[in-house]
Amino acid sequence: MLVTMKSSELFDQLVEIANGDARLVEEAIRASATAPEGEADLKDVVQYIVSHQREPLAA
């Protein structure tokens, strides 16, 4: 499955996986994109998010 920045519904679900960090999702899509159109494999995007999640700030 290919993901683009225009896939807003999927983007929202990826933001949930990233604990609300939309910037991390954008970063993951850019880093995983291999096609000139900016498409990235969903598996690669999710793996990037999981491996680059930021530690939550202490309250």
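Miscellaneous remarks
- Of all residues making up the range 13-31, the number that are assigned to a helix (DSSP H, G or I) and touching a Lys or Arg at 6+ places or on another chain (Cβ under 9 Å): 1
- Taken together, the residues in the range 34-55 that are of a type in the set (D, E, K, R), open to solvent by 100 Å² or more (accessible area, probe 1.4 Å) and in a loop (DSSP other than H, G, I, E, B) amount to 3.
- Inter-residue pairs, beta-carbon under 7 Å, first at negative phi and surrounded by fewer than 15 Cβ atoms within 10 Å (Cβ to Cβ) and in the range 15-32, second in a helix (DSSP H, G or I) and modelled with pLDDT under 95, 6+ apart: ALA22/VAL15
- Residue list for the range 3-18, restricted to those being over 13 Å from ALA28 (Cα atoms), at pLDDT below 85 and of a type outside the set (D, E, K, R): SER7, SER8
The values are calculated or read from the model by the stated rules, or taken from the named source; none is laboratory data. Quantities reported herein were computed from a predicted structural model and do not represent experimental measurements. Glycine also receives a Cβ, built like all others from the backbone with ideal geometry; neighbour counts cover every protein chain displayed. Side chains included, ligands, DNA and RNA excluded: accessible areas come from the protein's heavy atoms. Shrake-Rupley method; radii C 1.70, N 1.55, O 1.52, S 1.80 Å.
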